[in-house]
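What follows is one structure encoded as structure tokens, with my remarks underneath.
The values are calculated or read from the model by the stated rules, or taken from the named source; none is laboratory data. Remember, it's a predicted structure, so these values are computed and weren't measured experimentally. Note that each Cβ is placed from the backbone with ideal geometry, even for glycine, and that neighbours are counted across all protein chains shown.
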Amino acid sequence: MPAAPHLHAGKEAEAQALNFLKEQGLRLLAQNWSCKRGELDLVMLDGDTVVFAEVRYRLHAQWGGALGSIDARKREKLVIAAQYFLQKESRWASHPCRFDVIALEGTPGEAPRLNWLKNAFDS
């Protein structure tokens, strides 16, 4: 049974985000890392900083678009998952960390607009 179209678009967006981050010099540590409290789309290394990158794809910018889709509850789940990651992968626990969002909007298969928001959870 084929994957639902929105799941396929999400995987495509994640692959595009991963390629983009690699082009920016980041190194992949983990992809789709999951634990009982959540999932991390991409865990990357930017120099010595561990980057927890949440990939968000939306076809349209209405209702806040991809960036607007991350609410306080989603942020909390990502922070908890990141804490679990650092406990399990203790070699990264002493490194500085940040949360980035890669927001993609547009039609799948075409080049969607990509917005890389570093330190997305800092207010």
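Please list, ordered by first then second residue, the pairs with beta carbon atoms under 6 Å, 6 or more apart or interchain, first in region 89-116 and modelled with pLDDT of 90 or more and small (Gly, Ala, Ser), second part of a helix (DSSP H, G or I) and surrounded by fewer than 16 Cβ atoms within 10 Å (Cβ to Cβ).
Taking only residues 6 or more apart or on different chains, not a single pair turns up.
Within region 21-39, can you find the residues that are outside any strand (DSSP E or B) and at pLDDT 95 or above?
Within region 21-39, Leu21, Lys22, Glu23, Gln24, Gly25, Leu26 meet the criteria.
Collect the residues in region 40-59 that are in a strand (DSSP E or B) and acidic (Asp, Glu), keeping them in residue-number order.
Asp41, Asp46, Glu54, listed by residue number.
From (1) touching a Pro at 6+ places or on another chain (Cβ under 9 Å); (2) aliphatic (A, V, I, L, M); (3) buried (at least 18 other Cβ atoms within 10 Å of the Cβ); (4) at pLDDT below 90, pick out the condition that doesn't hold for Ala120.
All conditions pass for Ala120, except number (1).
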